[in-house]
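To start, the structure under review is shown below, and the notes come after it.
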Amino acid sequence: MKKERFYKLANNRFLFRLYLIARLPAAWFMRVQLLQCTPERTVVRLPYGWRSQNPFRSTYFAAQCAAGELSTGMLCLAALQEKPPVSMLVTHIEAEFFKKADKPLTFRCDQGIEVATLIEHMLQDGQARSMEMKSIGTLPDGVKASEVRVLWSFKPKQS
């Protein structure tokens, strides 16, 4: 798919919700929203509510990891548009939690250019590559609540 079309579809709220239903139903259930998807960054909103809450009245760690993974994964998918087939896989995920998340969270990843460069190099030499991508989850007042680090692995598919 052309990159322009990918960004247009990704940034369309209705079409992105359909994508979540089909491909990531847990994120759809939690009502995760894609606020912005550009070549440089992705911003994802994770609402606070019963769908993403733990028994301690804060946002469940797995919901935060899902939103963090989505914010990094959208940049990977964007970078793979108009490219030969590539296998993409999460090989490791870590998270740190700094503040109780009892309000909606916004996850932001600013590594779009880095991952696009890595994918270009991988396709040029045919060697598998990995990249750790970081997504920061902030509360509405801008306070950092969590940091999710996702290790993505990329490998050219054999034709």
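What to note about this one:
- What separates the Cα centres of region 43-90 and region 110-156 is a distance of 12 Å.
- By the equivalent-ellipsoid construction on the alpha carbon gyration tensor, the chain comes out with semi-axes of 28, 17, 13 Å, ordered largest to smallest.
- Ordered from largest to smallest accessible area (heavy atoms of protein chains, 1.4 Å probe), the residues Val150, Val143 come out as Val143, Val150.
- Here the relative contact order of region 10-159, from alpha carbon pairs under 8 Å that lie six or more residues apart, stands at 25 percent.
- Nearest 10 degrees, 0 to 90: helix 61-80 Cα axis against the chain principal axis: 30 degrees
- Full extension of the chain between Lys83 and Asn54 yields a length gain of 6.4 nm, computed as 0.36 nm times the residue separation minus the alpha carbon distance.
- Residue (of Ala63, Pro25, Gly137) at the positive-pole extreme of the chain, dipole from beta-carbon charges: Pro25
- Chymotrypsin sites (Phe, Trp or Tyr not before Pro) restricted to DSSP loop in region 1-71 with at most 15 other C-beta within 10 Å: Trp50, Phe56
- Helix 13-23 vs. the chain, principal-axis angle (Cα, 0 to 90°, nearest 10): 80 degrees
- Cα-based Lys proximity count in the chain, under 28 Å, for pairs eight or more positions apart or on separate chains: 24
- Heavy-atom surface of region 84-140, accessible at 1.4 Å and reported per residue (Å²): 57 Å²
- Within the chain, helix-based [θ] at 222 nm, where runs of 4 or more DSSP H residues each add -39,500 (n - 2.57), nearest 500: -11000 deg cm²/dmol
The values are calculated or read from the model by the stated rules, or taken from the named source; none is laboratory data. Source: prediction; values computed, not measured. Reconstructed Cβ throughout: ideal geometry from the backbone, glycine too, with neighbour counts over all protein chains shown. These area figures cover heavy atoms from the full protein model, side chains too; ligands, DNA and RNA do not enter into them. Shrake-Rupley method; radii C 1.70, N 1.55, O 1.52, S 1.80 Å.
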